[in-house]
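Participant: Below is one structure. I have some questions about it.
The values are calculated or read from the model by the stated rules, or taken from the named source; none is laboratory data. The model shown is predicted, which means the values in this text are computed figures rather than measured ones. Using ideal geometry, Cβ is built from the backbone for each residue, glycine included, and neighbour counts are taken over all protein chains shown. Areas reflect the complete protein model, heavy atoms only, side chains present, ligands, DNA and RNA absent. Shrake-Rupley method; radii C 1.70, N 1.55, O 1.52, S 1.80 Å.
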There are 2 protein chains.
Amino acid sequence: MNIILASTSTLFGGEYLEYLKEELTRLYEGIDEIIFVPFARPGGISHDEYTAKAQSFFKTINIKVRGLHEFEDQISALNNAKGYFTGGGNTFLLVKTLHEEGVMTVLKENVERGKPYLGCSAGSNIGGQNMKTTNDMPIVYPPSFDCMGLVPFNLNPHYLDPNPDLKHNGETRETRIKEFLTQNDLKVVGLREGNWIRRIGDKITVEGSELTRIFEKGIEPYEIEPGSEL
Amino acid sequence: MNIILASTSTLFGGEYLEYLKEELTRLYEGIDEIIFVPFARPGGISHDEYTAKAQSFFKTINIKVRGLHEFEDQISALNNAKGYFTGGGNTFLLVKTLHEEGVMTVLKENVERGKPYLGCSAGSNIGGQNMKTTNDMPIVYPPSFDCMGLVPFNLNPHYLDPNPDLKHNGETRETRIKEFLTQNDLKVVGLREGNWIRRIGDKITVEGSELTRIFEKGIEPYEIEPGSEL
């Protein structure tokens, strides 16, 4: 497999996908056209608007982008494609749409056969085993929380450390992930902004500028350095 | 109906339910025993531990508390009870358990007949039309997101204003609720900590110390004062 699962598309103060540019050139080496999955619709923007945003970045690395929603037959479109990118937004909306269109498994099988895949945020969540560690609001009801399972764990993108100054009794991100572990026995990778998971063949590493926080049932959360194997 | 739906059980620096004590004495006037619904299990604590926590507060206002989980026949227990309290925790776990035990509708019907109900956080979410505006992590998959609909809108407990200093690209609470409104046409009450919704008969007001932020499809969010009708 040949995969990037990134915490975020955009670093604070940066441009869309800019910090990943070099890495994306390697991911998509030899490929001049990919399919963009726009179903997560951040802020409710249209599939066309979202696809245009992806196109304007990928033009700078000479890759043509077509939105999956443009195809009458999405299954054939995915099977014929050379590579994929799923953008961020709302994971519930993304997972619901992928299941309803019957393309979650089709995408998974193509990526498992070695076609390059980039996910950001919600698009990274669907690379995990299921979407039970998303931060998103459940604005729609998906027929299942199951995802592609491109890696043998779950992700928590935009992982955020507790803010000790906050006088608020809502749960911290760490509390939420620990609650997940009371109901599920599955590793969760808390992926801070600036980091991404890289899978090349069977080797899975975490890359980027920050430490990565790992949560497992029955042990205290711990941090790993960029470049560590997962 | 005779209902309190509170943003939180505990104010920063305060004791469990302390800030609601006077209001709860009125809610449960003439009642010496209630049933506690412990299914949201904050931090994964057991039903017994959570029930003990509720008992230790309600002892101070001379009300006996029994956990719903203690009853073999939960439906009869709810039908025979004089009043109810559902504690906070994880809304997905709460809603899944209520649907699986077949008691969501039983609780709803009893509260609609006038028996007093207190909800905090997740326990307040289930008073709304559905759980699609919870902040919680989807750690389990409920058979439905539908809730009791004791009020004709949805709630967002622990409502939190955007923090302009945060250099982070995760969505703000306001962004999330606006995404909900792109997929649903239903009023959302952003209930800050310190506030609660009070329903007496057909009159529904928002009470407490803070302004309340209201979100509706197609208009800009707006604030209402404590005491305002909803």
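Participant: In the range B:27-50, which residues are within 12 Å of B:H69 (Cα to Cα), without any contact (Cβ under 8 Å) to a residue 24 or more places away in the chain and not acidic (D, E)?
Facilitator: Hits for the range B:27-50 are B:S46, B:H47.
Participant: Could you tell me which numbered condition A:G170 fails, if it satisfies all but one of (1) more than 12 Å from chain B (Cβ to nearest Cβ); (2) closer than 30 Å to B:C147 by Cβ?
Facilitator: With (1) more than 12 Å from chain B (Cβ to nearest Cβ); (2) closer than 30 Å to B:C147 by Cβ applied to A:G170, the lone miss is (1).
Participant: So which of B:L160, B:L186 ends up being open to solvent by 30 Å² or more (accessible area, probe 1.4 Å), at pLDDT 95 or above and hydrophobic (A, V, I, L, M, F, W, C)?
Facilitator: Working: B:L160 fails: at pLDDT 95 or above.
From the options B:L160, B:L186, the qualifying one is B:L186.
Participant: Is it the case, given these coordinates, that A:T91 is in contact (Cβ under 8 Å) with a residue 12 or more places away in the chain and either open to solvent by 50 Å² or more (accessible area, probe 1.4 Å) or away from every other protein chain (no Cβ under 12 Å) (or both)? Lay out the reasoning, then the answer.
Facilitator: On the way: in contact (Cβ under 8 Å) with a residue 12 or more places away in the chain: yes; either open to solvent by 50 Å² or more (accessible area, probe 1.4 Å) or away from every other protein chain (no Cβ under 12 Å) (or both): no.
Taking the combined requirement at face value, the residue does not satisfy it.
Participant: Out of the range A:21-60, which residues are within 13 Å of A:T86 (Cβ to Cβ) and among the polar types (S, T, N, Q)?
Facilitator: A:T51
Participant: While we're looking at this one, here's another question. When you check B:L68 against the structure, is it in contact (Cβ under 8 Å) with a residue 60 or more places away in the chain and under 24 Å from B:V151 (Cα atoms), yes or no?
Facilitator: Values: in contact (Cβ under 8 Å) with a residue 60 or more places away in the chain: no; under 24 Å from B:V151 (Cα atoms): yes.
For B:L68, the condition - in contact (Cβ under 8 Å) with a residue 60 or more places away in the chain and under 24 Å from B:V151 (Cα atoms) - is not met.
Participant: Looking at (1) within 12 Å of another protein chain (Cβ to nearest Cβ); (2) in contact (Cβ under 8 Å) with a residue 24 or more places away in the chain; (3) surrounded by fewer than 14 Cβ atoms within 10 Å (Cβ to Cβ); (4) not β-branched (V, I, T), which one does B:K203 not meet, given that it meets all the others?
Facilitator: So B:K203 meets the others, but not (1).
Participant: Okay, moving on. Give me a count of the residues in the range B:58-87 that are under 19 Å from B:L27 (Cβ atoms), open to solvent by less than 10 Å² (accessible area, probe 1.4 Å) and not aliphatic (A, V, I, L, M).
Facilitator: 6
Participant: Further question: Specify which of the listed residues (B:Y28, B:Y50, B:Y16) is open to solvent by 20 Å² or more (accessible area, probe 1.4 Å) and among the aromatic types (F, W, Y). Explain how you work it out, then say what you get.
Facilitator: On the way: B:Y28 fails: open to solvent by 20 Å² or more (accessible area, probe 1.4 Å); B:Y50 fails: open to solvent by 20 Å² or more (accessible area, probe 1.4 Å).
After applying the criteria, what remains is B:Y16.
Participant: Based on what the data block shows, is B:P157 out of contact with any strand residue (DSSP E or B) (no Cβ under 9 Å at 6 or more places or on another chain), more than 16 Å from B:I34 (Cα to Cα) and within 14 Å of chain A (Cβ to nearest Cβ)?
Facilitator: On the way: out of contact with any strand residue (DSSP E or B) (no Cβ under 9 Å at 6 or more places or on another chain): no; more than 16 Å from B:I34 (Cα to Cα): yes; within 14 Å of chain A (Cβ to nearest Cβ): yes.
The answer is no for B:P157.
Participant: Would you check if A:G128 is modelled with pLDDT of 95 or more, under 12 Å from the mean Cα position of the chain (by Cα), more than 14 Å from chain B (Cβ to nearest Cβ) and buried (at least 24 other Cβ atoms within 10 Å of the Cβ)? Steps first, please.
Facilitator: Details: modelled with pLDDT of 95 or more: yes; under 12 Å from the mean Cα position of the chain (by Cα): yes; more than 14 Å from chain B (Cβ to nearest Cβ): no; buried (at least 24 other Cβ atoms within 10 Å of the Cβ): yes.
No; evaluated as a whole, the condition is false for this residue.
Participant: How about the range A:77-108: which of its residues are within 18 Å of the chain's Cα centre (by Cα), among the polar types (S, T, N, Q) and either farther than 21 Å from B:F180 by Cα or not in a loop (DSSP other than H, G, I, E, B) (or both)? Lay out the reasoning, then the answer.
Facilitator: Residues of the range A:77-108 that are within 18 Å of the chain's Cα centre (by Cα), as a first pass: A:78, A:83-99, A:103-108.
Next, from what is left, pick out any that are among the polar types (S, T, N, Q): A:86, A:90-91, A:97, A:105.
Passing the criteria: A:T86, A:T91, A:T97, A:T105.
Participant: Scan the range A:90-105 and give yes if some residue there is farther than 28 Å from A:Y28 by Cβ and among the polar types (S, T, N, Q), otherwise no.
Facilitator: No, the range A:90-105 contains no residue that is farther than 28 Å from A:Y28 by Cβ and among the polar types (S, T, N, Q).
Participant: Do we find a residue being within 14 Å of chain B (Cβ to nearest Cβ) and modelled with pLDDT of 95 or more anywhere in the range A:50-73? Break it down into steps so the answer makes sense when it comes.
Facilitator: Taking the range A:50-73 first, the residues within 14 Å of chain B (Cβ to nearest Cβ) are A:50.
Pick out the ones that are also modelled with pLDDT of 95 or more and you get A:50.
Yes, there is a match, as at least one residue in the range A:50-73 is within 14 Å of chain B (Cβ to nearest Cβ) and modelled with pLDDT of 95 or more.
Participant: Here is a further query. Count, please, the residues in the range B:209-221 that happen to be more than 14 Å from chain A (Cβ to nearest Cβ) and open to solvent by less than 60 Å² (accessible area, probe 1.4 Å). Walk me through how you get there before you give the answer.
Facilitator: Our first condition is that a residue be more than 14 Å from chain A (Cβ to nearest Cβ); within the range B:209-221, this holds for B:211-214, B:216, B:219-221.
Pick out the ones that are also open to solvent by less than 60 Å² (accessible area, probe 1.4 Å) and you get B:212-214, B:216, B:221.
Here the count works out to 5.
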